[in-house]
Each structure stands twice: as C-alpha cells, then as structure tokens.
Amino acid sequence: MAAAVVANGASGDSSKAAFAEIYSRLKEEMLEDPAFEFTDESLQWIDRMLDYNVLGGKCNRGISVIDSFKMLKGTDVLNKEETFLACTLGWCIEWLQAYFLVLDDIMDNSQTRRGQPCWFRVPQVGLIAVNDGIILRNHISRILQRHFKGKLYYVDLIDLFNEVEFKTASGQLLDLITTHEGEKDLTKYNLTVHRRIVQYKTAYYSFYLPVACALLLSGENLDNFGDVKNILVEMGTYFQVQDDYLDCYGDPEFIGKIGTDIEDYKCSWLVVQALERADENQKHILFENYGKPDPECVAKVKDLYKELNLEAVFHEYERESYNKLIADIEAHPNKAVQNVLKSFLHKIYKRQK
C-alpha cells in the first residue's frame, strides 16, 4: 500500500504535535474497554502490538484530516473539541492502515516493514498476527462509537469506513490474483488492470478517506462531493504511478529503499507501458526476464525501459495529469475545497521520494 502525502509547514508541525498527543489517550481507552475482561498478559500484548503497528509510520493520512479540516473551516486554529475529534478520525485511519499492513505482510510473505521485522515475523507472534489484524479493525468501530455516537454524521462515518475498507480489500484481491496466483502471465497486465488495482487498493483510503472525514466533521453531506472523490482518486492514481516510476528511477539513498518491482513481478505502470509500446522482440525480452531476481534479468528489463524511453513517457504523463487535476480542481465552486485539493496536489507533484 502506498505511502501518502506529507503535512508540512508551521500548521503541519502544530498538527503533528497535537496528533501525537491523542494516540496515548485512544490507546488507554482500548486497553480499558469494558466489553472484555482483559488479563495482564493480553493487555501487555495489545499495548505492544499497537505501538509496533500503529506507530512508526509518517502518519501522513491521519494528519491530513486535521489540515484539511482547518482549511475547510478557514482557520489555522481549532478549539480543543475540534482538535480532538479531527485527531481521533486521523488515528482511525492510521489504525486502518495498520490493519491492512499487518495482513498484507502475511499475504506477501514480506520480511520487513518501516525498517523493522513485519509483525508476524516477531518471535512468538506468527499467525496470531491475523487475529491482531481483526482486533485493529474492531478498535476503529470502538473508537468511533465512543467519540462520535451522538453526532449527526455518525452513521455516515461508519458507512465511509466500511465502504473504503471494502474497496481496499477488493483492490488487494485483484492485485493478489493478478500478480501472485498461478503461472506468471504478463498478458494479464494492462493499463485498465493497473488502474483498477491502484484506484481501489490505494487511492480511496490514502487520498479520499482523510478528506471525506474532514468534510463530515465540517457538517457536509458526502453525496454532494462526488467530484471531489473523483479528483482525489485520480490524485491517488497519479501518486502510485509516481511510486512505480521512483521504484525504478528514484535514488535509493534519497527514497530510503531499493526498488524491487521488477524482481517481484509487480503490475507496475512501467511494465504496462512497456508492454503497450514493445514490438515482438522486445516483448520476448520482457517475458523472459521480468519477475526474476537475477540482477542480469533486472538489467535487461531496465535497458528495455530505456530503449522505449519510459522516463520521457512518465514526464509527459506527469505533466498531463497535473494540468487535468488543476483544471478539475479550479472548476469546483467551493474555494476552501479547492485549497484542500491543491494542498494535496502540491505536496506530491514532482516529488522525488
């Protein structure tokens, strides 16, 4: 699942500080939930599991709720209640992310996440991690019930989280059966499949969900913001294409990881573009070498990308996407909503990591 946009500037810093504070309170509430008679051992387990999986990321999605809510209200300062509610919804998104990642890592048989062993790789954890994923998901419902049950938009919040979770899980299924199951078959890979995986697996929960939470906090009806949803899903798609590009062309020192999409047989935007442009000989090179860990095979794929001038293809795509997104954003009648969308776009446009 892709990383999301980063909150920055003075407002971002104050949001980050406020956000960090709320985590401890929410965790305490989960550890004191009267619905279950916890033992000391189970309390210690959940305490450690939450710190290991919910913390440790950049919290970009969560902080985006606060920053978007401030922009929608047209203020730099929220009162105590507003700050708490925005932070709480932000943390619900971080809990959702933790739930997805714990289970994703098991499905992908991954080794590390955020610079440490995946949770299921930790000694004594193993497949208990599956149940931990279920607990993480249930914590979201408990948090929402505790803090939002009296609100007019409570049912809309529940529906929003349920719908986004369903879309993300369905996108994950499509990714798994396209890239993991059975024989490796590059003929399954095309732009439509890539777009559908990205849209459902990443864009809804990383881009739409934080803004939708902020809109509900502002008293808005999400049915009136279908165009905003479409713009954010487009933005999330563009973000993932950037990720695919940086996996191959980014500086590992700068982006903090070595790209392995070619070795991992990922349905990457680059391989899809290569398949669209390649002649029969070039396709043969791709089919023979894509998805193999041998550095020579990886080098042949990268040489082919160079031959097909995919760097230039990406830069053209980036320019066109940006221009279309700006035009769509500026067509929106609400200036505050425009500001939210532009702030998301400007944080990711031409990013290098």
Might you let me know whether region 88-104 holds any residue that is open to solvent by 30 Å² or more (accessible area, probe 1.4 Å) and either part of a loop (DSSP other than H, G, I, E, B) or basic (Lys, Arg) (or both)?
-> no
Filter region 293-346 down to the residues that are closer than 19 Å to Ile258 by Cβ and of a type in the set (Asp, Glu), then identify the one that is surrounded by the most Cβ atoms within 10 Å (Cβ to Cβ).
-> Glu311
Is one or more of the residues making up region 244-257 among the hydroxyl-bearing types (Ser, Thr, Tyr), over 20 Å from Asp108 (Cα atoms), without any contact (Cβ under 8 Å) to a residue 24 or more places away in the chain and surrounded by fewer than 20 Cβ atoms within 10 Å (Cβ to Cβ)?
-> no
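Would you point out which residue out of Leu270, Leu222, Leu286, Leu232 is more than 22 Å from His194 (Cα to Cα), among the aliphatic types (A, V, I, L, M) and open to solvent by less than 70 Å² (accessible area, probe 1.4 Å)?
Leu222
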When both residues are 6+ apart or on different chains and their Cβ atoms are under 7 Å apart, which pairs have a first residue that lies in region 278-292 and is in the same structural domain as Leu308 (by the TED database), and a second that is open to solvent by less than 20 Å² (accessible area, probe 1.4 Å) and not hydrophobic (A, V, I, L, M, F, W, C)?
-> Tyr290/Tyr265; Gly291/Tyr265
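Assess whether Asn79 counts as being open to solvent by 20 Å² or more (accessible area, probe 1.4 Å) and within 26 Å of Gln338 (Cα to Cα).
yes
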Checking Ala336 against (1) of a type in the set (Gly, Ala, Ser); (2) in contact with a helix residue (DSSP H, G or I) (Cβ under 8 Å, 6 or more places away or on another chain); (3) closer than 30 Å to Thr187 by Cβ, which single condition isn't satisfied?
-> (3)
Of all residues in region 129-153, count the ones that are more than 22 Å from Asn53 (Cα to Cα), open to solvent by 10 Å² or more (accessible area, probe 1.4 Å) and among the hydrophobic types (A, V, I, L, M, F, W, C).
-> 1
Does Asn281 count as among the polar types (S, T, N, Q) and within 30 Å of the chain's Cα centre (by Cα)?
-> no
Report, by residue number, each residue of region 154-187 that is open to solvent by less than 60 Å² (accessible area, probe 1.4 Å), part of a helix (DSSP H, G or I) and charged (D, E, K, R).
-> Glu165, Lys167, Asp175
Residues Leu89, Leu96: which one is touching a helix residue (DSSP H, G or I) at 6+ places or on another chain (Cβ under 7 Å) and either free of Cβ contacts under 8 Å to residues at least 40 places away in the same chain or within 18 Å of Phe344 (Cβ to Cβ) (or both)?
-> Leu89
Do we find that Glu41 is among the charged types (D, E, K, R) and either under 20 Å from Glu21 (Cβ atoms) or open to solvent by less than 30 Å² (accessible area, probe 1.4 Å) (or both) in this structure?
-> no
Of the residues that make up region 344-353, is at least one among the hydroxyl-bearing types (Ser, Thr, Tyr), at pLDDT 95 or above and in contact with an Asp or Glu (Cβ under 9 Å, 6 or more places away or on another chain)?
-> no
Taking first residues from region 222-243 that are closer than 30 Å to Ile262 by Cβ and assigned by the TED database to the domain that holds Ile197 and second residues anywhere that are assigned to a helix (DSSP H, G or I) and basic (Lys, Arg), the pairs with Cβ under 8 Å that are 6 or more apart or on different chains are Glu234/Lys324; Thr237/Arg195
Of the residues in region 49-86 that are on the phi > 0 side of the Ramachandran plot and touching a residue at least 60 places away in the same chain (Cβ under 8 Å), the one that is farthest from the chain's Cα centre (by Cα) is Gly74
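The values are calculated or read from the model by the stated rules, or taken from the named source; none is laboratory data. What you are looking at is a predicted structure, and each value in this text was computed from that prediction instead of being measured. Using ideal geometry, Cβ is built from the backbone for each residue, glycine included, and neighbour counts are taken over all protein chains shown. Areas reflect the complete protein model, heavy atoms only, side chains present, ligands, DNA and RNA absent. Shrake-Rupley method; radii C 1.70, N 1.55, O 1.52, S 1.80 Å.
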